[in-house]
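Shown next, in structure tokens, is the structure this report addresses.
Every number in this text was worked out from the coordinates using simple rules, so none of it is lab data. Note that the structure is predicted; figures quoted are calculated from it, not measured. Positions of Cβ are generated from backbone atoms using ideal geometry, with glycine treated the same way; all protein chains shown enter the neighbour counts.
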Amino acid sequence: MKLCIRQLMLLSVTALLCVGCSGDGQPPAENGTDAGKAPAETETPVVTPDTEPAEADLGDPAPGTAVAGQGDPGSIQGVVKSPYTRLAQGAVYIVRVDGQKFPPPKDAEMDQKNLIFVPHVLPILVGTTVDFPNSDTVRHNVYSTEGSIQDFNLGTYDVGIVKHITFDKVGVTHLGCNVHTEMSAYILTCQNPYFAVTDKGTGKFAIPEVPPGNWHLRFFHERLKPKTIQVEVKPGEEASVEFTDLKRK
């Protein structure tokens with residue numbers, strides 16, 4: 001009987017000594033990982049802010065000077081370095097110029113020939129009336145696609161007919177034709193008349209008669225994200241710029 005009691009006491013002591021031991025005989029780690037093993041490294045995600053301007057915000061406020069200085073006008077000449085400029089033209093424009101009144105714009109023209117809008121990209125001053133002649137041999141329809149700053153549908157009309165729209169909002173209007181879905185063009189309504197279309201072969205452009213000042217110059221292309229750079233135009237001088245590191249939309 002005494003022997004049985006001693007055996008039971010010995011078993012109880014052994015059980016108490018095993019309390020808190022892990023399966024491999026080591027105590028559990030304080031951080032919840034197995035003892036003797038390094039905790040797994042946690043990667044910290046890198047967040048890159050998106051600072052590209054919205055495509056349709058051609059006249060949105062830009063930081064810095066937007067008021068012309070004193071002196072004779074200068075000019076801006078530059079180049080857009082991207083293979084996409086060889087596929088289609090883009091446009092370069094000063095975002096905004098405050099404190100000036102611009103003369104009433106003359107009518108611009110977006111023609112239709114050989115199932116193509118001509119030109120492919122048309123920058124205009126806000127308030128411009130655009131004529132849409134049908135110089136083709138077939139009927140056409142001109143309308144603005146969803147998301148355009150200007151909303152309209154000119155309907156289907158015959159050869160020789162000219163229709164008109166006044167563009168009174170600053171932004172991008174994408175054109176389509178309900179009859180020929182492959183047709184596409186862009187009208188950029190700008191806050192000021194200081195803009196240019198890039199050369200399809202070289203990506204070069206020139207903006208003459210620019211007032212002196214520090215300006216935000218923006219590039220638009222249907223396949224590339226808009227990019228804005230700052231340029232200083234000195235009285236009577238030519239400023240040279242380059243648009244590089246452009247990203248696909």
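Using a simple spin-label model with pseudo-atoms 7 Å out from Cα toward Cβ, residue 240 and residue 138 lie 4.7 nm apart. In this structure, the pairs whose alpha-carbon distance is over 32 Å, taken from 113/169; 81/163; 101/234; 163/234; 113/234; 101/247, are 81/163; 163/234; 113/234; 101/247. When the trypsin sites (Lys or Arg not before Pro) in the range 168-204 are filtered for DSSP coil states and for at most 10 other beta-carbon atoms within 10 Å of their beta-carbon, no site remains. A simple count of charges around residue 206, restricted to other residues whose Cβ falls under 11 Å of its Cβ and scoring Lys, Arg +1 and Asp, Glu -1, yields -2. Most simply put, the range 104-190 has about 70% antiparallel DSSP beta bridges, counting only bridges with both residues inside it. Loop-located GluC sites (Glu not before Pro) in the range 176-242 (DSSP state not H, G, I, E or B) with no more than 16 neighbouring Cβ atoms inside 10 Å: 182, 237. What does a probe at residue 248 reach in the range 201-230, counting residues whose amide N is under 11 Å from the point 7 Å along Cα→Cβ? Correct set: 224.
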